[in-house]
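K.L.:
My structure is below; once you've seen it, I'll send some questions.
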Amino acid sequence: MNRKEYWNEEYVKYWKSVTAEADDGEGVVSRIEKTTRGDYKVPGEKEAINLFRCLQYEKSDKLLDYGCGFGRFYPFFREISNYYGIDLSSAMIQESIRLYPENAEQFVVAEGEDLPFEDNFFDKIICYGVFDACYQEKALAEMLRCTCEGGIILVTGKNADYPEDDEQAFIAEEAARKKGHPNYFTDVKKLIPQLERYADIKQERFYRCRGDFVKEEFSSTMSDKFYEWVLIIQKKKHEEYKFEGFSDAYSNTWRIKNVCKS
Ligand SMILES: C[S@@+](CC[C@H](N)C(=O)[O-])C[C@H]1O[C@@H](n2cnc3c(N)ncnc32)[C@H](O)[C@@H]1O
């Protein structure tokens, strides 16, 4: 199964089941609308919105929701920014357009590694729950290219060195591979010095174990081992963005554990 098939078929089934479970009988649109009022029904939604509030929007800001899925964050942004959503899955974009027809022209099917926007186009990019599915070196270079000087990018991901006692992270890694879920780990220690050439790091959050993100338990200082991470960066100036490999489909933790087993 290629990645488009996965996101058009398997993930649509999964997401529909999650939102159906969270539905309170008033329908999914009503549930998403409630998100903006603080009545969160899907795990992770409240924490995502809290993170986005750190970004200090201006009404005129052009914002890209990179890998927007069903556009669930559109209701939060519609009052505070000029919202664009891209996703490689046409099924996701169709559903976003069905839910929010007033923004139809700004929901676009596109691969994050090849964005159909001019250099410096956006003031803000959020890449939430998507980076681990991307060809990361290309994806980050594209985000930087399309952000204006001084613009802000928020990225979340999974670290290649997570604690060996984090069974849940290990189980999730194996399960993703079995399902064919595109899943890449970031070597954050390799990424940060490269990123600092092009951007200032405004905020960093490191979540030790799987599950800490929804509890909002994080450290602002990087330790040796952690699982999820969030970076909020500000682009310095426009140039060519090149990254040496900092991501892999297998975590370092998985490799260590499997070498130990054999
Ligand atoms: C886990 S979902 C998160 C969706 C959304 N950000 C949210 O939190 O509701 C990942 C989304 O990223 C999209 N995606 C995965 N890889 C992508 C890529 N390389 N370029 C653009 N979108 C991608 C998938 O189709 C899916 O909609």
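The values are calculated or read from the model by the stated rules, or taken from the named source; none is laboratory data. In this text, all values refer to a predicted model and were calculated from it rather than measured experimentally. Positions of Cβ are generated from backbone atoms using ideal geometry, with glycine treated the same way; all protein chains shown enter the neighbour counts.
K.L.:
Taking the condition within 13 Å of the ligand (Cβ to nearest atom) and not in a loop (DSSP other than H, G, I, E, B), does residue 154 pass?
P.N.:
yes
K.L.:
Continuing with the same structure: Look through the stretch 59-110, keep the residues that are without any contact (Cβ under 8 Å) to a residue 60 or more places away in the chain, out of contact with any Leu (no Cβ under 8 Å at 6 or more places or on another chain) and assigned to a strand (DSSP E or B), and return whichever of them is farthest from the ligand (Cβ to nearest atom).
P.N.:
Result: 107.
K.L.:
Please go through the stretch 170-215 and pick out each residue that is away from the ligand (no atom under 16 Å from the Cβ) and on the phi > 0 side of the Ramachandran plot.
P.N.:
Once the filter is applied, which keeps residues that are away from the ligand (no atom under 16 Å from the Cβ) and on the phi > 0 side of the Ramachandran plot, the stretch 170-215 yields only 211.
K.L.:
Using the structure shown, decide if residue 16 is among the basic types (Lys, Arg), at pLDDT 80 or above and more than 17 Å from the chain's Cα centre (by Cα).
P.N.:
No, not satisfied.
K.L.:
Additional query: Taking the stretch 207-232 on its own, how many of its residues are touching a residue at least 40 places away in the same chain (Cβ under 8 Å) and not in a strand (DSSP E or B)?
P.N.:
11
K.L.:
Right, next: Looking at this structure, is residue 135 closer than 26 Å to residue 208 by Cβ and within 9 Å of the ligand (Cβ to nearest atom)?
P.N.:
Taking the combined requirement at face value, the residue does not satisfy it.
K.L.:
Provide a single number: the residues in the stretch 121-134 that are surrounded by 17 or more Cβ atoms within 10 Å (Cβ to Cβ) and either within 20 Å of residue 183 (Cα to Cα) or polar (S, T, N, Q) (or both).
P.N.:
8
K.L.:
Follow-up question, since we're still on this one. Among the residues of the stretch 246-259, is there at least one that is surrounded by 14 or more Cβ atoms within 10 Å (Cβ to Cβ) and either modelled with pLDDT under 95 or closer than 20 Å to residue 51 by Cβ (or both)?
P.N.:
To start, the set of residues in the stretch 246-259 that are surrounded by 14 or more Cβ atoms within 10 Å (Cβ to Cβ) comprises 246-248, 250-254.
Narrowing further to those that are either modelled with pLDDT under 95 or closer than 20 Å to residue 51 by Cβ (or both): none.
Checked against the condition, which is being surrounded by 14 or more Cβ atoms within 10 Å (Cβ to Cβ) and either modelled with pLDDT under 95 or closer than 20 Å to residue 51 by Cβ (or both), the stretch 246-259 yields no hits at all.
K.L.:
Of 204, 113, 149, which residue is touching a Lys or Arg at 6+ places or on another chain (Cβ under 9 Å), in a strand (DSSP E or B), over 20 Å from residue 76 (Cβ atoms) and acidic (Asp, Glu)?
P.N.:
None of the other options fit; the residue is 149.
K.L.:
Okay, moving on. Six or more apart or on different chains, Cβ under 6 Å: which pairs go from a residue in the stretch 148-174 that's without any contact (Cβ under 8 Å) to a residue 24 or more places away in the chain to one that's among the β-branched types (Val, Ile, Thr)? Could you list them?
P.N.:
Qualifying pairs under 6 Å: none.
K.L.:
Hey, any hits in the stretch 235-243 for a residue that's modelled with pLDDT under 95 and surrounded by 14 or more Cβ atoms within 10 Å (Cβ to Cβ)?
P.N.:
Yes, there is a match, as at least one residue in the stretch 235-243 is modelled with pLDDT under 95 and surrounded by 14 or more Cβ atoms within 10 Å (Cβ to Cβ).
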